[in-house]
Amino acid sequence: MNTIPPIEKVLVANRGEIAIRLCRGVQEEGKRAVAIYESPDAESRHLRIADEAVWIGPGPRKDYLDIDRIIWAARKSGAQAVHPGYGFLAENPQFAAACEEAGLVFIGPSAATIQDLGDKTISRRLAEEAGLPTIPGSGILPPGGDGKRAAVEFGAKYGYPVMLKAVAGGGGRGIRKVDSEKELLSQIEIAKNEAISAFGDGRLYLEKGIVNPRHIEVQILGDQHGNVIHMGGRNCSIQRRHQKLVEIAPSLLDPALEEKICQSAIQYAKHVGYVNAGTVEFLVDSDDSFYFLEINTRLQVEHTVTEVVTGIDIVRRMIRVAEGKKLDVTQDEVFCRGFAIEMRINAEDPKQDFAPESGKHVAVYNSPGGPGIRLDGMAYQGYTIPTEYDSLLVKLTVYGFRWDEAVSRLSRALKNYRIVGPKTTIPFYRKLVLEPEFASGAFDTGYLERHPELYDYSDQEAQEAKVAKLLSAIHYHGKNIFAE
């Protein structure tokens, strides 16, 4: 293992709320944080939080994705390390390699790890080698007519639905649920072209569709000395078009089942020699069978809920691991206490298919506070939402010692949240948090399809009374886990 020189300054290769989160972690480690920005982000809060900032170009977006510009910014600022956050170049192996070649410490897995595990077919093969259960898959479909014939044969063997996936996809993108042979044949070419446009890689494969599973992921941390730990599970089942809306820790599964899944994640991480933070994702069927889905080689948006229930700062451990230090936490020291829920407050209109509200001015911003509330955000009163970037304003994370306490605290926080100017997802979430199935904790990925009434924001008071009564005597899977 090469000796790593001391890191005194870290360039944060991102924007918005995650850039703010990373700057805080860097500063708490006693180092200086360097922000980067494109012209549309000149008023972004992350520039105020950082110790210094470097303008990388007019943008939009293209300069945040320009590896050469970011390497230039790191050299200009005198940074010794780069943290990519999530999105943009976080899972780009060429970026990790460029940092290494430039003598910069990349705070994340190696370029080779990102390359291999970012390829869904390779990561699946490695999972099979590690002994993890995997969903039946087709392998990469050959081009042209051979690929279509292979797809039809797969559908005939395993039945429909099947999932048509881009090999290079990630973050919920590049996935299509296909319900018939006719639909499959019509979607292959469309999916290929979209994958080329989005990922620069048109390769596709098929997996057997698991209908309305629970989506469970496991946070892992590994160091350069062979130590690997998990930090418990997260439930990410409430999704829209494979994009997560609500994240919960721990997973709301039976504890024995969650531990079994977590040990599978450790098994996988050790098999591939994983270093730094990552997330191993699984689908859990109605009979509690579980299957490896993929691994994300980066910090997740929803890392907040894991930090809240474990008390362990993931970002600071990522920096320490990148410096070559041993993990200062053993598996025996990791335990989840209570429940945390994260909701993404976006400038979107749920009633209009979540259409973005970018370009609008935030006239009033009044956030909730009090015990058990964590806000990771970039919005403020007077902020104009850029049209060029995603619509995330803030992540609201709440904690409760019992599940019902977490739910009631979330309801209170959402009621107290006021953002005037753009439409946001807050009213939608106010309705969701009062819905009895959500309050029960027994939901799956089909949740939103079952509850179209969530898009009607009326009759809140009646719902509040109904759920208050439900929470007072809630039982989960026939067992009152909240009273223990």
(request) Give me a count of the residues in segment 4-47 that are open to solvent by 10 Å² or more (accessible area, probe 1.4 Å), part of a helix (DSSP H, G or I) and small (Gly, Ala, Ser). (result) 1
(message) Looking at ALA249, ALA256 in this structure, which one is at pLDDT 95 or above and touching a Cys at 6+ places or on another chain (Cβ under 7 Å)?
(response) ALA249
(message) Criterion first (modelled with pLDDT of 95 or more and surrounded by fewer than 17 Cβ atoms within 10 Å (Cβ to Cβ)) does ARG317 satisfy it?
(response) no
(request) Looking only at segment 142-152, decide whether some residue is part of a loop (DSSP other than H, G, I, E, B) and open to solvent by 20 Å² or more (accessible area, probe 1.4 Å). (result) yes
(request) Quickly run through segment 374-392 and pick out the residues that are outside any loop (DSSP other than H, G, I, E, B), open to solvent by 40 Å² or more (accessible area, probe 1.4 Å) and not hydroxyl-bearing (Ser, Thr, Tyr). (result) ARG374, LEU375
(request) Give segment 101-125 a look and list any residue that's part of a helix (DSSP H, G or I), touching a residue at least 40 places away in the same chain (Cβ under 8 Å) and closer than 30 Å to VAL12 by Cβ, or say none. (result) THR113, ILE114, ASP116, LEU117, GLY118, LYS120, SER123
(request) For segment 132-140, indicate whether the set of residues that are modelled with pLDDT under 95, polar (S, T, N, Q) and part of a helix (DSSP H, G or I) is non-empty. (result) no
(message) Where the second residue is part of a loop (DSSP other than H, G, I, E, B) and the first is of a type in the set (Asp, Glu) and lies in segment 329-343, which pairs have Cβ atoms under 6 Å and are six or more apart or on separate chains?
(response) GLU342/GLU302
(request) State whether one or more residues within segment 83-94 are open to solvent by less than 40 Å² (accessible area, probe 1.4 Å), assigned to a helix (DSSP H, G or I) and under 30 Å from GLY273 (Cα atoms). (result) yes
(request) With the condition kept exactly as written, say whether any residue in segment 360-369 is touching a helix residue (DSSP H, G or I) at 6+ places or on another chain (Cβ under 7 Å), closer than 25 Å to GLU29 by Cα and surrounded by fewer than 21 Cβ atoms within 10 Å (Cβ to Cβ). (result) no
(message) Quick test for you: out of ILE114, ILE36, pick the one residue that is β-branched (Val, Ile, Thr) and closer than 30 Å to GLU207 by Cβ.
(response) ILE114
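One line per residue, one yes/no per condition, for (1) within 26 Å of the chain's Cα centre (by Cα); (2) over 30 Å from ASP63 (Cβ atoms); (3) not β-branched (Val, Ile, Thr):
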| site | (1), (2), (3) |
| --- | --- |
| PHE88 | yes, no, yes |
| PRO93 | yes, no, yes |
| CYS99 | yes, no, yes |
| ARG124 | yes, yes, yes |
| LEU132 | yes, yes, yes |
| VAL152 | no, yes, no |
| GLY155 | no, yes, yes |
| MET163 | yes, yes, yes |
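The values are calculated or read from the model by the stated rules, or taken from the named source; none is laboratory data. Only a predicted model underlies this, so the values are computations on that prediction, with no experimental measurement involved. Neighbour counts run over all protein chains shown; Cβ positions are idealised from the backbone, glycine included. Just so you know, the surface numbers come from the protein's heavy atoms only, side chains and all, with ligands and any DNA or RNA stripped out. Shrake-Rupley method; radii C 1.70, N 1.55, O 1.52, S 1.80 Å.
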